[in-house]
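Reviewing the structure listed below.
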Amino acid sequence: MPRCLQDLSILVVDDNPANTDLLHLMLEDEGFDHITTLNDARDVQACLQRAQQGELIDLLILDIRMPHIDGFGIMEMINSQYADLNIPVVVVTAEDANREQALHLGATDFITKPFQNWEVTLRINNALQNRLYYRQSLLRTGELEQQVRLRTNEVEATQQEIVKRLARAGEYRDNETGMHVLRMSHMCNHIARSLGCNDDFCDLLLQASPLHDVGKIGIPDHILLKPGRLTPEEREIMETHARIGHDILDGHDSELIQMAAEIALCHHEKWDGSGYPEGLRGEAIPLAARIAAICDVFDALLSARPYKEPWPLSRVVDLLSRESGLHFEPRIVSIFLQELDTLQTIRARFAETS
């Protein structure tokens, strides 16, 4: 980053070598070291191309009347192909008639022929001072954007860590294991990608789905940990975990927390409307919850619990097929069954450790 005017780069374009030599000498006397002069206007485009690669031009001093391509043509080329470089242009002219057109094309100032040292010095210094402010503001903006990105990453990492710890708290109250929520969340991610969901949705689902049963924190132990079948009254209490989970998570503007609340509330809804707590039907059930529902059931049925033995895969597949259009969305069931090999690989990757 240039620290002073003399660190900025100047390109002088004039077909008359005497003019470029004189301007070069005047600029050198002012302490400028990064000066390039061209007498053939056709060479300007190569300089502009290099500027796009990082060899910035901080000021273009441009004659108007030149063979092959005049100063107006160069300014038009800059506007159409190199506008992103924001190069200030000081036009060299002896004709007042050129000034209006040059201003329309974006010239920032003029130097009059024949050159006068004081005028060249003042106008060039003014143009470069504005350029230096511009370069410094870009640097400050870049630094601020980097700080915002770092802070945003820190906030997102903190949110993800809180979600993980809250999911772990739920595991302590349940007789399901932490490996179940890992398997289930990675299955959710894979199914979402197989359905063609975008990366942001899939990543959020991976992070949010472990909280699907966080509401079980609010269920009494004698019901939550009961080894046998629940009574209708106990079942009614157990089903409140969906609303409890939603109430724990609801009300935050984080997309991650919002999706987690959505899944907690709706992962027991059924495609045919017979689920709970809202009795939602079809696509009224959020997609994240529809995906979480089938992944949760699949892994739970294949896993051992104090109150049941693990089901064989064939029996689980048969149930999923029968529940297509009833409990689960048919499209998701179809994709799910196509991806069984990958889902089994996920289960093996996060198998129980004891």
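The values are calculated or read from the model by the stated rules, or taken from the named source; none is laboratory data. Bear in mind the structure is a predicted one, so any value in this text is a computation, not a measurement. Glycine also receives a Cβ, built like all others from the backbone with ideal geometry; neighbour counts cover every protein chain displayed.
Can you spot a residue in the range 63-71 that is part of a helix (DSSP H, G or I), in the same structural domain as Tyr134 (by TED's automatic domain parsing) and within 19 Å of Asp109 (Cα to Cα)? Let's see the steps before the verdict.
Initial filter on the range 63-71 (part of a helix (DSSP H, G or I)): 71.
Still in the list and also in the same structural domain as Tyr134 (by TED's automatic domain parsing): 71.
Those still in the list that are within 19 Å of Asp109 (Cα to Cα) too: 71.
Within the range 63-71 (the criterion being part of a helix (DSSP H, G or I), in the same structural domain as Tyr134 (by TED's automatic domain parsing) and within 19 Å of Asp109 (Cα to Cα)), the answer is yes, since at least one residue qualifies.
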### Tabulated pairs, the range 313-338, first in the same structural domain as Ser274 (by TED's automatic domain parsing), second small (Gly, Ala, Ser), C-beta under 6 angstrom, 6+ apart or interchain
Pro330/Ser324; Val333/Ser324; Ile335/Ser194
### Query
Within the range 99-108, is even one residue modelled with pLDDT under 90, touching a Gly at 6+ places or on another chain (Cβ under 8 Å) and crowded, with 16+ Cβ neighbours inside 10 Å?
yes
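Run down Leu224, Leu230 and say which single residue is surrounded by fewer than 17 Cβ atoms within 10 Å (Cβ to Cβ) and more than 26 Å from the chain's Cα centre (by Cα). Break it down stepwise before answering.
Working: Leu224 fails: surrounded by fewer than 17 Cβ atoms within 10 Å (Cβ to Cβ).
One residue alone meets the criteria, Leu230.
Are any residues in the range 31-62 of a type in the set (S, T, N, Q) and either without any contact (Cβ under 8 Å) to a residue 12 or more places away in the chain or not assigned by TED's automatic domain parsing to the domain that holds Asn125 (or both), and if so, which ones?
Quick first cut of the range 31-62, residues of a type in the set (S, T, N, Q) only: 36-37, 39, 45, 49, 52-53.
Correct list: Gln49, Gln53.
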### Summary
Selection from the range 283-315 of residues farther than 25 Å from Pro227 by Cβ and among the aliphatic types (A, V, I, L, M) yields Ala284, Ile285, Leu287, Ala288, Ala289, Ile291, Ala292, Ile294
### Summary
Subset of the range 27-44, residues assigned to a helix (DSSP H, G or I) and surrounded by 17 or more Cβ atoms within 10 Å (Cβ to Cβ), comes to Leu27, Ala41, Val44
#### Entry: Residues that are charged (D, E, K, R) and at pLDDT 85 or above, drawn from the range 114-148
Glu119, Arg123, Arg131
### Query
Taking the range 48-68 only, how many residues are buried (at least 17 other Cβ atoms within 10 Å of the Cβ) and more than 22 Å from Pro114 (Cα to Cα)?
5
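Taking only the range 84-105 into account, find how many residues are outside any strand (DSSP E or B) and farther than 11 Å from Phe72 by Cβ.
Start the filter on the range 84-105 by keeping residues that are outside any strand (DSSP E or B), which leaves 84-88, 94-105.
After this cut, where a residue has to be farther than 11 Å from Phe72 by Cβ as well, the list is 84-88, 94-97, 99-100, 103.
Of the residues in that region, 12 qualify.
For the range 260-291, which residues satisfy the criterion of being surrounded by 15 or more Cβ atoms within 10 Å (Cβ to Cβ) and part of a helix (DSSP H, G or I)? Write out each step before concluding.
At the first step, the residues of the range 260-291 found to be surrounded by 15 or more Cβ atoms within 10 Å (Cβ to Cβ) are 260-271, 275-278, 280, 285-291.
Residues satisfying the conditions are Ala260, Ala261, Glu262, Ile263, Ala264, Leu265, Cys266, Leu287, Ala288, Ala289, Arg290, Ile291.
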### Task
Inspect all residues belonging to the range 300-308 and state whether any of them is free of Cβ contacts under 8 Å to residues at least 24 places away in the same chain, in contact with a strand residue (DSSP E or B) (Cβ under 9 Å, 6 or more places away or on another chain) and assigned to a helix (DSSP H, G or I).
yes
